[in-house]
Amino acid sequence: MKAVLRASAPVLVMALAACGTDPAPGPTEQIVVREPGAAADPVGAPDSGLIASGKAAFNSCLACHGIDEGGANKVGPNLHGIIGQAAGSVDGFAYSDALASSGITWTKEELDSYIANPAARVPGTTMMAGAITDAGRREAIIAYIEDVSAN
Ligand code: HEC
């Protein structure tokens with residue numbers, strides 16, 4: 001085996017260069033090194049359970065909000081890619097002055113606070129329904145929005 005290893009050394013060097021800091025897979029066996037916090041299941045997303053429950057919980061938003069890329073606005077604006085966006089900036093949606101001038105950028109924390117109680121976070125908002133009191137449900141919904149927006 002040693003002779004084989006030596007013979008393939010230049011190939012290994014090229015493989016190393018191609019995969020950056022990743023540990024180089026050996027020619028005869030492969031050791032899978034997992035970063036802390038990485039997916040236990042390499043096929044699914046790290047939080048696939050959370051995202052799945054967020055997708056189900058998002059049904060309560062769907063009456064008023066689309067989430068597909070380029071999807072139409074409904075009673076509320078389309079929420080694709082909302083994380084990181086300025087409040088009131090989805091094209092073609094007629095926002096309340098309250099939300100449009102709120103100065104909010106939709107971080108996950110701001111989303112959490114608004115979804116928990118829209119009128120408390122933005123007095124005068126026209127999002128009159130859809131508040132989610134359960135923190136775990138909000139976390140799941142936000143994880144789902146993030147996941148859909150990235151795909
Ligand atoms: C009854 C309809 C309705 C439901 C249900 C609803 N929303 Fe809304 N939502 C609105 C309306 C209308 C606005 C615009 C508010 C404004 O202009 O003040 C809005 C605005 C938002 C915004 C701000 C968007 C932006 O571009 O700044 C977010 C984020 C949001 N909703 C998230 C959600 C989530 C998540 C749910 C489900 C948990 C939900 N909404 C359920 C009607 C709804």
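Derivation of every value follows stated rules applied to the coordinates shown; laboratory data play no part. Everything numeric in this text was worked out from a predicted model, so none of it was measured. Neighbour counts run over all protein chains shown; Cβ positions are idealised from the backbone, glycine included.
Key figures
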quantity	calculated
Pair K74, A94: separation of 7 Å Cα→Cβ label points (nm)	1.9 nm
Assigned charges on the beta-carbon of Lys, Arg, Asp, Glu; the stretch 88-151 dipole about Cα centre (debye)	160 debye
Residue-by-residue Karplus 3J(HN,Hα) for the stretch 73-81, coefficients 6.51, -1.76, 1.60, Hz, glycine and proline x	6, 10, 4, x, x, 5, 9, 5, x
